[in-house]
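First comes the structure, then the notes that go with it.
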């Protein structure tokens, strides 16, 4: 009985905070939202569409970026997710939103110590032999510091104390907005956008619990144990928990730091090929993958090993979806358009009954865009416009478990293009994809067909008709 008034006041306080935040969001976003509505109907409820200039769209994009930055962590992360999807958002908006930076001013050393001492319940000197006040990295959700624990060099990652409560409010509002978007403006593009935002919201909620990240690190270490060229940091559970992870300190050079990698004598083509093989194996073979491959999270060690950091976003891909994608990838790599189109239907990207000839034309357009030698920005612009048009005319769907697959591959392609301008996953990722996927393709064929000779014929097709002995 004695806790009811306190609980009631707490609930009222939460509702008041939610109302204040929603009011702030409405004040910022309503003018731009009404402008978009009027683009479709000049007088909102009726009237013809408006012609909007490129410059107007650019100004709107800049305004949206400023508003996202004002709204903070949750919306910056959602914006970053959407900025990797040119199929969902026009290019002029992608160009501005992609400038959003996750990094923020780090907590001071004093504030970091105070936060960690509250987590551990004791002075920091009782936990670590040494703790550096200057942050190694600071992002919207967490902060990382160098320390020494029992003689070991470690990285200490902790959740910023001001984030969880604000994130809970923002994700609740984002969920409401998604439901209204689906209810009032439902079409294939809005459905794909709402799926992407919903998956992003789920991912951010997971990132706030560092216990999940510790489990992810253990999972990825097990999956990648045979890869001697990949480093997954060790975790020290004795001093880790839901709000802090202490892990092995793994220094290296950012994957996109061209000057330092070149000075160290690394072969860019080898680095790219190994990164592509790594992601092909994680996504399509293991079905568990590091879903945030931006330059700060992928380093190159002194010996050339790929160092994976930050496991807050680790996603899964079902066996059935992997099998369907594997068939589609194999078909795409060898120009088998019929099987590639079959794969789009099997994954649920294309709805049953959709005009097959139009899907063929769409596939051909995407392939030609990757063969024209365009730079990454213009290529992605072309791909985005093609997908946007096809989604509007025919209706495309985005299965939830593919949201981060597309994002990861898009980020991977962008990083490779930093080392080799113009690099394209479709045009240049052929051989490393083959090397990574061939063993799994063999296993898939044998389990489904049960016919060794049929499998050998298919393997020959997958490997580009190299010599493969037929069993008689």
- Message: What whole-number volume per residue, in cubic angstrom, does the convex hull of the C-alpha atoms of the range 265-315 give?
- Response: 74
- Note on the structure: the range 17-154: Kirkwood hydrodynamic radius (Cα pairs, Å) comes out at 18.5
- Item | P(r) tail fraction, the range 236-322 - alpha-carbon pairs more than 22 Å apart, % | 38
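A short reminder: the numbers here are calculations on the coordinates, not readings from a lab. Only a predicted model underlies this, so the values are computations on that prediction, with no experimental measurement involved.
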